[in-house]
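Please read the structure below before turning to the comments.
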Amino acid sequence: MKRAIVAAGLLVIFAVSIFLLSPSVLAAPLQLFGREPKKEDKTRLLSGKVLDGADSPLPNAVVYLTDTHTRSVKTYIVGADGSYRFPGLQPSIDYEVYAQYDNRKSHTKTVSQFDDRPQVYIDLKINTKAVVKNDTPK
């Protein structure tokens, strides 16, 4: 009889330990001890195109992105369609972006920390027409 009680007790302990070690049961106690569930990605994406005055893409233009907090600069060489993209931008930092093509530069645009969109799209236009100087004497 004693052996039967001990065997039954061991069987109960085994069953309880299997239940407690299952992954679904373990997830709840981990949250109770300060482990938070996975947070959603809070970074932003900046994308757009580099275009000329006729809204045609400018392949091989270089886009410069400056972090205004650290002053670090990232660059992106656009493809045949003129597209660029900078993923993983921090929403609490302002960024400045401009493009350069054949020694000509677009206007600098700002991505503000107060703009709460997760995806920001900015086209950068570069005037590619040659500036003719009138050097005739008067």
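Out of the residues in the range 63-72 meeting the condition of being under 15 Å from the mean Cα position of the chain (by Cα) and buried (at least 17 other Cβ atoms within 10 Å of the Cβ), tell me which one is farthest from TYR121 (Cα to Cα).
THR66
With modelled with pLDDT under 95 and among the basic types (Lys, Arg) as the only criterion, which of LYS74, LYS105, LYS138 stands out?
LYS138
Can you tell me which residues in the range 75-104 are in contact with a strand residue (DSSP E or B) (Cβ under 9 Å, 6 or more places away or on another chain), among the charged types (D, E, K, R) and surrounded by 14 or more Cβ atoms within 10 Å (Cβ to Cβ)?
ASP94, GLU96
Filter the range 73-111 down to the residues that are more than 15 Å from the chain's Cα centre (by Cα) and either more than 27 Å from GLY53 (Cα to Cα) or among the small types (Gly, Ala, Ser) (or both) and list them by number.
Selection gives GLY79, ALA80, GLY82, SER83, ALA99, SER106.
Here is a yes/no grid of residues against (1) of a type in the set (Gly, Ala, Ser); (2) within 15 Å of ASP123 (Cα to Cα):
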site: GLY48; (1), (2): yes, yes
site: ASP52; (1), (2): no, yes
site: LEU58; (1), (2): no, yes
site: ALA61; (1), (2): yes, yes
site: ARG85; (1), (2): no, yes
site: ASP94; (1), (2): no, no
site: TYR101; (1), (2): no, yes
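Select from the range 119-135 the residues that are modelled with pLDDT of 95 or more and surrounded by 11 or more Cβ atoms within 10 Å (Cβ to Cβ) and list them in ascending order.
Selection gives VAL120, TYR121, ILE122, ASP123, LEU124, LYS125, ILE126.
The values are calculated or read from the model by the stated rules, or taken from the named source; none is laboratory data. What you are looking at is a predicted structure, and each value in this text was computed from that prediction instead of being measured. Note that each Cβ is placed from the backbone with ideal geometry, even for glycine, and that neighbours are counted across all protein chains shown.
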